Amino acid sequence: MILRNPQFGLKLLGVRGSRPVSGQEFQIYGGQTTTIELTGFGDTRVFLDAGTGLLNSYQNSKHQSNRWKNLHFVITHTHWDHVIGLNQFPPLFDENASISFHAPTSENGTFESLFERLFSSEHSYFSRDQIKAKLHFNVIKPRIPFQINEKLRVEGIQVNHQAVTLGYKFSVGTKSVCFITDSAPLSNKCILGQGMQEASDLLGYEAFEGLYHSQMIDFINGADLIAYDTHFFDDKVKPDWGHSSPKYAIEICKAGNVKELVMFHHAPEDEDVLIKKKIEEAEALMLDCNFSLVAAREGDEWTLASA
Ligand SMILES: [Zn+2]
Ligand SMILES: [Zn+2]
């Protein structure tokens with residue numbers, strides 16, 4: 001693990017994919033869905049996605065209400081496991097809170113329009129009118145970087161997952177971490193992302209696949225840490241589900257010269273014992289790799305050393 005520099009770090013609040021799970025079988029790696037906090041920005045708090053890990057974190061620190069006033073959410077996509085923590089999230093109802101959402105838009109609508117629907121009476125017993133926090137909606141376009149504050153730079157890239165799903169790179173100075181939480185390999189010609197089939201038709205499949213890979217490798221190049229989708233075991237990949245396995249994650253990290261791979265988005269069926277098995281299988285593929293590998297565990301934290 002990379003250590004030191006109190007000004008930039010990350011904490012895993014939820015590492016589970018698809019849906020939350022609980023029980024003795026999930027005690028080690030945790031059952032909350034995707035939520036990661038980028039730490040080290042004072043009163044400004046920055047989260048990647050808003051799964052059930054967000055609500056759990058709030059519940060554990062609600063006595064520190066002043067720490068929930070100035071929030072930024074960088075959203076990969078709006079599958080339920082990534083946004084369900086917004087349901088009944090108390091700071092939304094706090095008139096003294098300021099909450100910014102940075103998210104891609106798709107042909108299904110902007111994140112703002114999806115947010116409005118989340119608080120329609122079909123989905124919530126709270127109405128939109130009861131939300132008193134000051135909300136800001138920022139549309140993120142792939143490969144156009146933006147700053148959350150003067151220190152933290154964020155850039156998105158479209159990945160092979162349903163609708164428009166972005167992977168992200170967060171950078172402070174020379175240090176960077178990447179999150180590719182939900183993304184399938186392009187093998188088997190299984191193209192899932194909005195607009196990607198059209199690009200493949202235009203370029204030809206092989207040229208499109210080559211371009212996609214080279215852009216992804218360029219995007220993650222030299223990252224100090226990458227949390228990558230390893231939802232499936234290598235021999236059980238379902239290509240149209242939109243997820244990867246350790247073998248592919250390792251190949252990408254090797255090509256991108258990353259320093260640490262965090263296996264992420266554990267399948268809800270994967271009890272602790274199965275995640276350990278997946279790690280063992282992954283380690284067997286690491287023979288000529290010069291980066292480290294761990295499985296994401298709820299509560300784990302990293303702090304990045306400054307250059
Ligand atoms: Zn997911
Ligand atoms: Zn998803």
Next on the checklist: About the Cα centre, and with charges only on the beta carbon of Lys, Arg (+1) and Asp, Glu (-1), how big is the dipole of the chain? Nearest 20 debye, please.
Outcome noted: 920
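Please label the shape of the chain as rounded, prolate or oblate, based on the square roots a ≥ b ≥ c of the eigenvalues of the alpha-carbon gyration tensor (a/c under 1.5 means rounded; beyond that, a/b larger than b/c means prolate, else oblate). Before the final figure, lay out the partial values.
Details: a/c = 1.43, a/b = 1.28, b/c = 1.12.
Rounded, because the longest to shortest axis ratio a/c is under 1.5.
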Next on the checklist: At 0.36 nm per residue, and after removing the present C-alpha to C-alpha distance, how many nm does the segment from Cys289 to Gln197 gain when stretched out fully?
Outcome noted: 29.9 nm
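Would you please name the chymotrypsin sites (Phe, Trp or Tyr not before Pro) within the range 83-157 that are DSSP coil residues with at most 13 other C-beta atoms within 10 Å of their C-beta?
Values: sites: Phe93, Phe101, Phe111, Phe115, Phe119, Tyr125, Phe126, Phe137, Phe146; in loops: Phe119, Tyr125, Phe126.
Passing sites in the range 83-157 are Tyr125.
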Checklist entry - Mean separation of Cα pairs under 8 Å and 6+ residues apart, divided by the residue count of the range 199-307: what relative contact order is that in percent? => result 26
Item to check | Distance-filtered residues of the range 16-58 - backbone nitrogen under 14 Å, label point 7 angstrom along Gln64 Cα→Cβ | outcome: 37-46, 57-58
Checklist outcome for this item: If His136, His63, His77 are placed from fewest to most neighbouring beta carbons inside 10 Å, the sequence is His63, His136, His77
Checklist entry - For the chain, what is the calculated [θ] at 222 nm in deg cm²/dmol (nearest 500), taking -39500 (n - 2.57) for each run of four or more DSSP H residues and dividing by its residue count? => result -6500 deg cm²/dmol
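In the range 1-106, what GluC sites (Glu not before Pro) fall in a loop by DSSP, with at most 14 other Cβ atoms inside 10 Å?
Filter output for the range 1-106: Glu95.
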Next on the checklist: Among 227-239, 10-22, how do they line up by average Cβ neighbours within 10 Å per residue, starting with the highest?
Outcome noted: 10-22, 227-239
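So if each residue of separation counts as 0.36 nm, and I subtract the Cα-Cα distance between Ile144 and Phe93, what length gain in nm does that give? Present the calculation step by step, with values, prior to reporting the outcome.
Details: separation 51, 0.36 × 51 = 18.36 nm, distance 3.15 nm.
Once the chain is fully extended between Ile144 and Phe93, it gains 15.2 nm.
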Next on the checklist: Assuming 0.36 nm per residue, please report the length gained on full extension of the stretch Trp80 to Lys151 beyond their Cα-Cα distance.
Outcome noted: 22.5 nm
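What does the highest-first list of 207-214, 171-178 look like by mean Cβ count within 10 Å?
Numbers: 207-214: 15.5, 171-178: 19.8.
The most tightly packed comes first, giving 171-178, 207-214.
Only counting other Cβ atoms within 10 Å, I'd like Thr181, Thr39 sorted with the fewest neighbours first.
Placing the least packed residue first, the sequence is Thr39, Thr181.
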Item to check | Highest-fluctuation residue, Asp288, Asp94, Asp272 considered, GNM on the chain with Cα pairs under 10 Å | outcome: Asp288
Next on the checklist: Filter Lys247/Lys277; Lys175/Lys278; Lys236/Lys276; Lys11/Lys169 down to the pairs with a C-alpha to C-alpha distance above 18 Å, please.
Outcome noted: Lys175/Lys278
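Every number in this text was worked out from the coordinates using simple rules, so none of it is lab data. All values derive from a computational prediction rather than experimental measurement. Heads up, the Cβs are rebuilt from the backbone with ideal geometry, glycines too, and the neighbour counts pull from every protein chain shown.
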